[in-house]
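Working notes, beginning with the structure itself.
The values are calculated or read from the model by the stated rules, or taken from the named source; none is laboratory data. This one's a predicted model, so the numbers in the text were calculated from it and none came from an experiment. Every residue, glycine as well, gets a Cβ built from its backbone with ideal geometry; the counts of neighbours run over all protein chains shown.
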Amino acid sequence: MVHPAAIAALLLAAAAAVAPCAAQGPTAGTLRVAMPVAENGFDPQAVYDAYSSRICDAIFDALYTYDYFARPAKLVPNTADGLPQIADGGRTYTLKVRRGIFFAPHPAFGGKPRELTAEDYVYSFKRILDPAVRSYSLHLLEGRLAGLDPVLAQARKAGKLDYAAPIEGLKALDRHTLQVKFIEPNYSFQHVLATTAFAAVAKEVVAAKGDSAGRVMEDPVGTGPYRLAEWRRSQRIVLEANPSFRDVRFPAPPAGEPGDAAIAKGLAGRRLPLTPRIEVSIIEEAQPRLLAFRRGELDYVDVPSSLAETVLDGDKLKPDLAATGVRLLRQVDPSLAFTFFNMEDPVVGGYTPEKIALRRAITMANDRGSAVRILQNGQAMLATQMIPPPVPGHSDALAMKDPFDPAGARALLDRFGYKDRDGDGFRELPDGRPLVLKKGMTPTAADRAASELWTKNLAAIGIRTEFVVQKWPELNKMAEAGQLQVWNLAWIASIPDVDAFYSPLFSPNVGTSNDARLKLADYDRAYERMRALPDGPERRALYKRMNELVAAYAPWILETYSYQNRLAQPWLKGVKLHPFRGAPWAYYEAAR
């Protein structure tokens, strides 16, 4: 799942001056939360950011999920009846759908209960293949699903998928049995089946409410614990308990885990969702979110690194906040913050030595250490490789040297003809034209502070920077269309698999997740080979190869791995951080 990199600073003194307020608490039965980015809609196959996906996760159901308490992450059935049956050396999956699961009521069903079936998953997976829907998850099936290529080629020619066209690798064997076949082994697909994009939607709802592209962004209907009750775009989202939701209970924690036992106390065995109503506010700036939490208007808040200094002493709560009963939950996120260069841009793009040298020099000028200290208040680790620590595959053997070296950057630019010809202190391109770096930036205090450090770093090597200022959704659209020269993003894994970090540089993903628009045959070959292999030395050697190619061609600057710091009110129960479940609201009880 995409969101902006957390490289920011705010007016810390103002926030620090606000004393913790007496806890007011929400009305019983209402969970109040905030998101920092406006939603783009609620279609699980079409959304492209972590926050919209969070809403979808509350409404829709994938076949699998993760055990709430088990660490490391443990895959468990959700709507599936048992774990997947994997045969033919990782090529064939047989999946059973539990009987008696129903979609939330909707007029599209003609007033009758609508049971979830295997055919619903076949249809939903096909939506990922539909070029009209433009799913970010297409790369997980393209070139891999048996019999897909001719159907997908015809779909691209027509501009839409023929849903009636048979696909060998995707079929319902009976009403409650789904079969998926791959050309090559695909051992990670079992985890993919736990992601938002592979959740089930109903064909009738798409037919009744879909837009011209077949997306249903405004009227989501799923089998999950919640349904959409109210929506004011970019301001407020209200969810209410789905009256058709099946009988799911809060789990009992494993024996011998005292922390988990405390979390489950009084909740184990109770029916989900624990809280019948969720009110989601869009609050873009971090400081107002934290102030709302301090006033008791939010039940929990994720503290960005820019404000960590106001609430934390290192990795612990400040005494004044701890005294109010607020709790700190902390983990390293399975995320990688990076800055991408548009490889098709006439200034920073290209594969010739002088273009590579320019990107490398910018990378060498980027003072990540200062960004972590000054902007992130120490709430991040410098990225040493493309795989973050919580994801299996992260290894000291893959760690790369910190590239920060401004003197070396200046020498590299001199060597390849980027020189200050007019004496104004800034370099020109080798052909004498002005060299101006244009970087995307949101109009937030966080990005303003980050832009100042970026400008200073680049000026130190003689490069002038300008900024393209837009809200995040607009910048994301520009990035997809190849209209941004440079921008910073972060990828966070929704499953314990490395694909989330290597697939965004796979060339078929240009126009969706490959914002760098990298087209490198060596990288593509390594990626395709890697995803066909089970975990082992050969697969890990390919991680190393892809890391080396990214270092050599510099389509990305690897920035940081972030810490997540979540503050929970004393009245909020059931909360446990999970590296691959952002906020499973059905498990939270917001009442005194």
Residue by residue through the stretch 322-337, note down the ones that are out of contact with any strand residue (DSSP E or B) (no Cβ under 7 Å at 6 or more places or on another chain) and closer than 15 Å to Asp299 by Cβ.
-> Thr324, Gly325
Which of the residues belonging to the stretch 449-463 are farther than 13 Å from Val486 by Cβ and modelled with pLDDT of 95 or more?
-> Glu452, Leu453, Lys456, Ala459, Ala460, Ile461, Gly462
Any residue in the stretch 332-347 that is over 27 Å from the mean Cα position of the chain (by Cα) and in contact (Cβ under 8 Å) with a residue 12 or more places away in the chain?
-> yes
Would you confirm whether any residue within the stretch 88-95 is without any contact (Cβ under 8 Å) to a residue 24 or more places away in the chain, surrounded by fewer than 21 Cβ atoms within 10 Å (Cβ to Cβ) and assigned to a strand (DSSP E or B)?
-> no
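For Ser124, state whether it is under 22 Å from the mean Cα position of the chain (by Cα), buried (at least 21 other Cβ atoms within 10 Å of the Cβ) and farther than 12 Å from Ala200 by Cβ. Please lay out each step first, then the result.
Numbers: under 22 Å from the mean Cα position of the chain (by Cα): yes; buried (at least 21 other Cβ atoms within 10 Å of the Cβ): yes; farther than 12 Å from Ala200 by Cβ: no.
Criteria not met by Ser124.
In the stretch 558-592, how many are over 29 Å from Ala500 (Cα atoms) and outside any strand (DSSP E or B)?
Within the stretch 558-592, the subset over 29 Å from Ala500 (Cα atoms) is 569-573, 589-592.
This time we only want the ones that are outside any strand (DSSP E or B), so: 569-571, 591-592.
The total comes to 5.
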Quick one: in the stretch 218-276, which of the residues that are closer than 25 Å to Ser124 by Cβ and basic (Lys, Arg) is modelled with the lowest pLDDT?
-> Arg233
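Residues to consider are Ala590, Ala500; find the one that is out of contact with any helix residue (DSSP H, G or I) (no Cβ under 9 Å at 6 or more places or on another chain), at pLDDT below 95, outside the structural domain of Val391 (by TED's automatic domain parsing) and crowded, with 22+ Cβ neighbours inside 10 Å. Let's see the steps before the verdict.
Values: Ala500 fails: outside the structural domain of Val391 (by TED's automatic domain parsing).
Only one candidate qualifies: Ala590.
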Taking Tyr68 as the residue in question, decide whether it is modelled with pLDDT of 95 or more and part of a loop (DSSP other than H, G, I, E, B).
-> yes
If we scan the stretch 135-153, do we find a residue that is over 14 Å from Pro84 (Cβ atoms), touching a residue at least 40 places away in the same chain (Cβ under 8 Å) and among the polar types (S, T, N, Q)?
-> yes
Checked the stretch 541-576 for anything under 21 Å from Met381 (Cβ atoms) and among the basic types (Lys, Arg); matches are Lys544, Arg566
Within the group Ala34, Ala62, Ala108, Ala58, which residue is modelled with pLDDT of 95 or more, outside any loop (DSSP other than H, G, I, E, B) and closer than 27 Å to Asp515 by Cβ?
-> Ala34
What number of residues within the stretch 138-179 are closer than 16 Å to Met530 by Cβ and part of a helix (DSSP H, G or I)?
-> 2
Where residues in the stretch 331-356 are outside any loop (DSSP other than H, G, I, E, B) and crowded, with 18+ Cβ neighbours inside 10 Å, which of them is modelled with the lowest pLDDT?
-> Ser335
Residues of the stretch 459-487 being surrounded by 21 or more Cβ atoms within 10 Å (Cβ to Cβ) and farther than 16 Å from Val47 by Cα, which ones?
-> Ile461, Gly462, Ile463, Leu484, Gln485, Val486, Trp487
If you check every pair at least six apart or on different chains, which have Cβ atoms under 8 Å apart with a residue in the stretch 160-174 that is on the phi < 0 side of the Ramachandran plot first and a residue that is at pLDDT 95 or above and exposed (fewer than 14 other Cβ atoms within 10 Å of the Cβ) second?
-> Asp162/Gln154; Ala165/Gln154
State all residues of the stretch 105-121 that are out of contact with any helix residue (DSSP H, G or I) (no Cβ under 8 Å at 6 or more places or on another chain) and surrounded by 22 or more Cβ atoms within 10 Å (Cβ to Cβ); if no residue qualifies, say none.
-> Leu116
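Can you tell which of Gly29, Gly111 is within 24 Å of Lys573 (Cβ to Cβ) and more than 23 Å from the chain's Cα centre (by Cα)? I'd like the intermediate steps shown before the answer.
On the way: Gly111 fails: within 24 Å of Lys573 (Cβ to Cβ).
Going through Gly29, Gly111 in turn, the sole match is Gly29.
Any idea which of Ala208, Ala202, Ala194, Ala286 is touching a residue at least 40 places away in the same chain (Cβ under 8 Å), under 30 Å from Phe501 (Cα atoms) and in the same structural domain as Asp81 (by TED's automatic domain parsing)? Please lay out each step first, then the result.
Values: Ala208 fails: under 30 Å from Phe501 (Cα atoms); Ala202 fails: under 30 Å from Phe501 (Cα atoms); Ala286 fails: in the same structural domain as Asp81 (by TED's automatic domain parsing).
The unique qualifying residue is Ala194.
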Residues that are in contact with a Pro (Cβ under 9 Å, 6 or more places away or on another chain), β-branched (Val, Ile, Thr) and surrounded by fewer than 23 Cβ atoms within 10 Å (Cβ to Cβ): which strands (runs of 3 or more DSSP E) entirely in the stretch 180-292 hold 1 or more of them?
-> 277-282
Could you grab me the full set of residues in the stretch 503-512 that are closer than 19 Å to Ser53 by Cα and surrounded by fewer than 24 Cβ atoms within 10 Å (Cβ to Cβ)?
-> Ser503, Thr512
Matching residues, the stretch 293-330, being surrounded by fewer than 17 Cβ atoms within 10 Å (Cβ to Cβ) and under 22 Å from the mean Cα position of the chain (by Cα) = Leu329, Arg330
Hits in the stretch 358-382 - residues which are within 20 Å of Pro334 (Cβ to Cβ) and part of a helix (DSSP H, G or I) | Arg368, Val372
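Charged (D, E, K, R), assigned to a loop (DSSP other than H, G, I, E, B) and touching a residue at least 12 places away in the same chain (Cβ under 8 Å), is that true of Lys519?
On the way: charged (D, E, K, R): yes; assigned to a loop (DSSP other than H, G, I, E, B): yes; touching a residue at least 12 places away in the same chain (Cβ under 8 Å): yes.
Considered against the rule, which asks whether it is charged (D, E, K, R), assigned to a loop (DSSP other than H, G, I, E, B) and touching a residue at least 12 places away in the same chain (Cβ under 8 Å), Lys519 comes out as yes.
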